Each structure stands twice: as C-alpha cells, then as structure tokens.
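No value in this document is a laboratory result; all are computed from the given coordinates. Every value quoted in this text rests on a predicted model; they were computed, and no experiment measured them. A quick note on method: Cβ atoms are made from the backbone with ideal geometry, for glycine too, and the neighbour counts reach across all protein chains shown.
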Amino acid sequence: MSDIHWPVIVILLPLAGGVACFLWPRRSVLLGLLTALGVVACVAGLGWQVVEQGAQRYAVGGWGAPLGIDLYADGLSLLMLTVTAVVGLGISVYSSGYFERARYGQDRARHFWPVWMFLWTALNALFLSADIFNLYVTLELLGLAAVVLVALAGGADAVSGAMRYLLVSLLGSLFYLLGVALLYHSFGSVDIAILAERVEPSPAVWAAMGLMIAGLLLKTALFPLHFWLPSAHASAPAPVSALLSALVVKASFYILLRLWLEIFPFANAALAQLLGLLGAAAVFWGGFQALRQTRLKMLIAYSTVAQLGYLFLAFPLASITGWTGALYMLLSHAAAKTAMFMAAGNTLYFGGHDRIADLDRAVQRMPLTMTAFALAGISIMGLPPSGGFIAKWLLLEAAIRSGQWWWGGVLILGGLLSAAWVFKVVGYAFTRSEAPHEARAVPATMEWTALLMAVLAILLGLFAPWLLALLEIGSPFNRENAG
Amino acid sequence: MTERGKKQLPFRLLLVALLFVLTAGLGYAVLTLPSQAPGLSNPVVANLEASGVSNPVTAVLLNFRAYDTLLELGVLLLALFGVWSLAAVPECRESPPGPVLDGLSRLLVPWLILVAGYLLWAGAHAPGGAFQAGSVLAAAGVLLLLTGWRLDTRFSGLPLRMSLVAGLGVFVVVAVVLILMGGRLLEYPPSFAGALILLIEAAATLSIGMTLAALFLGARPEAGP
C-alpha cells in the first residue's frame, strides 16, 4: 500500500468528481457525495503514509525541482488536508439537503456540485504544493471557485458581494504573482525548498516579500483588509459561507505561513509585531462589529474577522508553541464556524429570515440546531474542554514564555467579546418574538450535520495531544529563528 | 466638485502618495535585479531531448510543468461553470446577418479551422500549441455565433459538455493510465512523449475553442437531453 500515489489521488479524485458532476447533472448529488467519501478515504490513506514513512516529496513527471514541480506532504499539510476532508464531508452532506429542497431548487444544485468539487481540488492541491508558481495556479482555481459559489445565492446582494470578492481576490493573486516573478528572476527557481537554500536579503527579495505578504493578507482578510469578507460570506448560501469561513481564507494563511517559515526567515521582528498588532485589532474590531449586527449570518461573518486575528498573534511570539496554538485555532475555528453557519442556514431555512431579534423560541422549535450553535459558541469563546480553549491556552503559554504577556490580554478580551455575542443570540433564541412567522421543517441531515460539526469542535479539545504529535512530522516549524 | 468628492479628496491624495511610494519602491527593486537571470533555460534545453517536442515552450507547458497546465484547464472550465450558473437561458433577438458578415464568415471559418489545426501541429517544434490553436478555433466559433448560428439542441446537452471537458478529461485519463503503468504523475515514457503531448493538445484545443466560444455566448444553451 505504501507505493500508492496518495498525494496525486487526493488531487485528481475531486477533479474527476467535479467533471463527472458537470457531465451528469441529474446524478450530481450522488456523484458529489461519493467523491466526498472517496476523498476522505484517500486523505486517510495519505495520512497513514505520512505517519508511517515521514514527510513525503513527490516529483511530478519524474523531473524533480527545479525543472519540474514537486508535491510535498508533511504534518502541516496533512493537518490542513484532514480538516478540509472532515469539514468538506460535513458540508457535502449538509448541501445535499440544503440545495435539494431549499428555495434554490434543482437548478442551483447542478451548479453547486461541480464548482464545490473544483474548490476541493484547489484546496488539496494547494496544501500539497511545494512550488510557489504552482501555488499561484491553485490560488487562482480556489479564488474563482469561491467567487462562483458566492454568486450562486442569486440576487443583487450576492452578485455585488461576489464581484467585490472577485476583484479583491484577483488583486491579491496578482500581488502574489509579482512576488513570484521577482523571486524567480533573482534565484532561478520556484521550488520552496530550493528558494529557502538560495534566498538572501536584497531589495528585490524585500519587494517580493512585501508584495506576497500584502496579497495573501488581502485574501486572508486580516484587519483592515477584511472589508470584502462580511458581505461575501454573509450573502452566500449557508454551506458556501461555511466553506469560505472554514477553509478558503485559511488556505492563503497557510501559504503565508509556509513562506514566512521557509523563504523569509530573515523577516524582521518589527514586521512580526505589526502582523500581531493587526491581528489584535482584528480581534477587537471583528468582535465589536459582530456584537452590533442584527442579522445572524452577518454576525458570524464578523466573528470570522475576529477569529482570523488570533492566527496572526503567533507571528510576534515566533515559537513552536505559538505556531501550534495558531494552527489549533485554525482547526477548531474551521469546525466551529462550519457548525455556526450551518445553524444559521437552518434558521434561515426554517423561518425564511436571519434577524437575530426575531429568532422566536428557536430553542424549542429547533433544539438540535440551537444546541449546535451554543456548542460552537463554546469553542469560539475558548471555554474548556473545546478546541478553541486548547488553542488559546497554547497561545497564552507562548505569550508568557516569550515575555510578551500583553498578547494574552488580547486573547482574554477577545473571548469576552465572543461570549457577549453568543449569549445575545442564544438569549433571543429563547424568547418569544413579537412578530411570529410561518415556519417549515428543516431536513434532519441539515440539523444533524450542524450538531456533529459542533461536537467535533468540542472534541478537538480532547484529541489535542494526538493532533499536536501529527503536526511534528517533518518538523515544519523548526526552521524558524526564535525557539 | 461634489460635496462627496471634496470629502474624499484627502483619501485620494493619500492613495496617490501610497501608489507613488509603491511604484518607486518596485522600480528600485527591479533596477537592482541582476541583469543576467540564472533562470531555468539551461536545464530546459538540456532535457529537451527527453521531452518529446523540440519547442521549449511546449516542453515546459505540456511536460516539465504539465501539472500547472492541467490545473489551468480546470480554471478555464471553472470560468464557464461560473458564467453558466449566473445566466440561465439566453434571450436572443438577432437580425439575420448582413451580406458582409455572411460572406466573410463563409470564407473565414474553414480557414480558421485549418489554421487552428496547423498551430496545433506546429506547437511541437515552433511557436504554437493548444492555447493558440484553441483561441483561433474559438474565433471561428464566435464568428459563427455572430451570424446567428446555434448548436442544434440535439448536441447542446451531453455532447456539448463532453467536448468542453475533453481537454481536462484526456489529461486526467493520460495521467491515471501512466500511473497505473508504474510511472509518476504525468511522467511520459520518452518514446511516447511526443504522441501523448499531441493527444492531450488536440483534446485541449477542442475544449479551449468550445469553452471560449461558449463564454462569448455568455449563457447556457437550451438544455438538451
């Protein structure tokens, strides 16, 4: 089994699945679900290979870098692939209910599945790539798929949100591409490992670093470059919002992390502090804005802005504990935010609106959905024993160890802000609304997947040692300067 | 100037200043670049023999970095998914083509198809290849669409979709077959490399041409079977 080309299968399977969904739209739900199951199985196969044999390098076409493209799978890639597979399976199951019977009807479903499969391909290819130009191609595939999915909701809001998202996404990609061109011209390779050996500071490298980091921050929506995120994430169909918040913004963060650790290890402390400060600002601004929203999906979208801020707190801490904390935050946020957007999608489906003030005893009417929301809220707030708690604990530990305790204050205050909006929503879910409304039954698959994702976000807190051990394969963080 | 314009003036000045700094910085960085870039042209030339083609651009696109090209074909197809998901059935109110368009298209379309075929074949040893040939084929398609020609509804269902995914599909099938034969992803045996590249490029030419023409139409054709 060890000679099976798992990295390749993980990329080609969803691609073939997407093509099949496009060719036979009437069967797209079945084909999509089968592909999703297959991808999960193949990621497990790759995981087994990486755990057994250590980090894997795969030369596409047999050429090897610098002439060809290399794929590379270490613990970090594996973790990202796994979270994508798990969240992706959940979203596939949820979507089979959501698009089938919702107001979208059959026509939307036939467009959703091929694009979602292509988006999955892009994510898997991105997490496996060891080549900065190939990363650009995956970014292009990812960005375009995400824009199409946002526009799928139809209506003026969604189309203008998608348009803004498209322009931002293209701008970010072009900044990144310009950086790639500068690096290639300077060092004659686009392979990350080769660049890491050859790179030395020069004006062109500083320019490339600035361009690439700026482009990726734009795509990751770090404050103050988050302006496009709330409208795009809130106007998309619920499973798409979940995808975007849980996975798509994390992909550009992953590239940023790889570049930061491998190619730009000489980046100075001031830049790291700046990223940390922007992260802290994002935590406060996103949390504050979330509190002010009157629509549930908008609130959750602003909370994503805040949660993305935590990821950047690891940059000034620059320690293995800090990085693992940020990655754990990424994992638990992916699970929790998927659950939250699914819950919001359920309430929207149920009552036809997502006004927080008119939730109207949602707890009695949709107990599973509101349980999912509350459980996900626990992880977002960072209460034990959730994944969010472990993440914040690791970040706090790193902050205190490096003598920068003030970042710990950001963690605690951010948690309080999250708690405020979670309790606000849950409060309205218990009270009777002044304007009662028509309601219709939500498919059981949609309620149960939301609950399962939320339970997963809590369970992540219990699986921490196992997942943290996984992250050490190929020691992706040992290259960086401060230990 | 409007009231709103006045309020925005400081922001615009700030933006201009920022862009100026950015341009100056980038200009400086580019000027400091070494004039002789090491690049990869030497390894490309050294391995050209084994690539199956003698045009270095085609060798890079379809062999050394064929995986990038595979994903790029996916991007093109995805663009079409996006356009089709936005607009449903096209509303056409066309007038019959004038004498110039009518005559010109009759004259040009056969030539364009011929040129596309030549470009596809020439790509192996001279500038050309699937993307160029596909664009020319698409131009023929656009010309036909302008004259009011539409694909028969018998073909606008699965057959059309098949032709759109042919390029990506053949690419993936070749990749899978090569892996099953014991190679790596897209590792062509040198003796077959030229033929495999031509096969992939032929399918890609068809798909690129169809996709670009379909993008021009801007909407999904009437659903067939």
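If you count Lys pairs in the protein assembly as shown whose Cα atoms are under 26 Å apart, skipping same-chain pairs closer than 8 places in sequence, the total is 13. Dividing the Cα radius of gyration of chain A by 2.2 N^0.38 Å, with N the residue count, gives 0.92.
R0 = 45 Å: FRET efficiency of B:L104 with B:V57, Cβ-based, nearest 0.05? It comes to 0.90.
For segment A:324-400, a simple Cβ point-charge model (Lys and Arg +1, Asp and Glu -1, everything else neutral) yields a dipole of about 60 debye relative to the Cα centre.
Projecting the Cα atoms of B:P127, B:L199, B:P221 onto the charge dipole of chain B (Cβ charges, centred on the Cα centre) puts B:P221 farthest toward the positive pole.
Helix A:249-262 axis versus longest C-alpha principal axis of chain A: approximately 20°, rounded to the nearest ten. Annotation: Cα Rg of segment A:44-113 relative to the compact-globule expectation 2.2 N^0.38 Å equals 1.63. Among A:Y302, A:P316, A:L259, flag the residue with its Cα farthest along the positive direction of the charge dipole of segment A:255-395, charges on Cβ as +1 for Lys/Arg and -1 for Asp/Glu. The residue sitting farthest along the positive end of the dipole is A:Y302.
Projecting the Cα atoms of B:P38, B:G183, B:L22 onto the dipole axis of chain B, where Lys and Arg carry +1 and Asp and Glu carry -1 at the beta carbon, places B:L22 farthest toward the positive end. Rounded to the nearest 20 debye, the dipole magnitude of segment A:268-483 is 240 debye, with +1 charges on Lys and Arg beta carbons, -1 on Asp and Glu beta carbons, and the Cα centre as origin.
Shown here are the Rg and Dmax of the Cα trace of segment A:1-267, at 18.5, 57 Å.
Adding -39500 (n - 2.57) for every DSSP H run of four residues or longer, then dividing by how many residues chain B holds, sets the calculated 222 nm ellipticity at -24000 deg cm²/dmol. If only the Cβ of Lys and Arg carry +1 and only the Cβ of Asp and Glu carry -1, the dipole of segment A:139-254 around its Cα centre is close to 200 debye. Kirkwood Rh over Cα pairs of segment A:151-279 into Stokes-Einstein at 20 °C, 1.002 mPa s: D in µm²/s? Taking Rh from Cα pairs, D becomes 136 µm²/s.
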